[in-house]
Amino acid sequence: MENRKISIELPECVLEEIKSYCKNNNQKRNDFLMQAIKFYLKEMKKQEVRNHLRDGYKKMAGLNQQLADEGLSSECYSYLCYEQRLVECEKIESKKG
């Protein structure tokens, strides 16, 4: 992998923090900045995935609600039919008795 030079402008206070950190941790500024940029890019990708998942869940919420309502409706209908059959059986049993 070929390295290329870039030039960036930083506020003096940020540059001083970087210098101080590198000095205290015996690290080259270039290495520090490369690690910082890689870390930032990795975090941005994670955030992108989180946003994508959140948007997908939001889009699916309506469909999930619809499916849940249909399932509930179907269960209620089945229960109603069951109760009607019980009532009919009770009527038949009471006529026999």
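Under a 1.4 Å probe, what is the accessible area of the chain per residue, stated in Å²?
That works out to 99 Å² per residue.
Give me the percent of the accessible area of the chain that comes from carbon and sulfur atoms, probe 1.4 Å, all protein chains in place. Before the final figure, lay out each step's value.
On the way: 5360 of 9640 Å².
Exposed carbon and sulfur together represent 56 percent of the surface.
To the nearest 10 degrees, how steeply does helix 29-96 sit against the main Cα axis of the chain, on a 0 to 90 scale?
Once rounded, one gets 0 degrees.
Quick check: with the 1.4 Å probe, what order do 54, 85 take by accessible area, largest first?
85, 54
P(r) of the chain in 5 Å steps, Cα pairs, percent per bin?
With a bin width of 5 Å, the distribution comes to 2, 9, 8, 10, 8, 7, 6, 5, 5, 5, 5, 5, 4, 4, 4, 3, 3, 3, 2, 1.
The values are calculated or read from the model by the stated rules, or taken from the named source; none is laboratory data. Note that this is a predicted model, so its numbers are computed, not measured. Accessible surface is based on the protein model in full, side chains and every heavy atom, while ligands, DNA and RNA are left aside. Shrake-Rupley method; radii C 1.70, N 1.55, O 1.52, S 1.80 Å.
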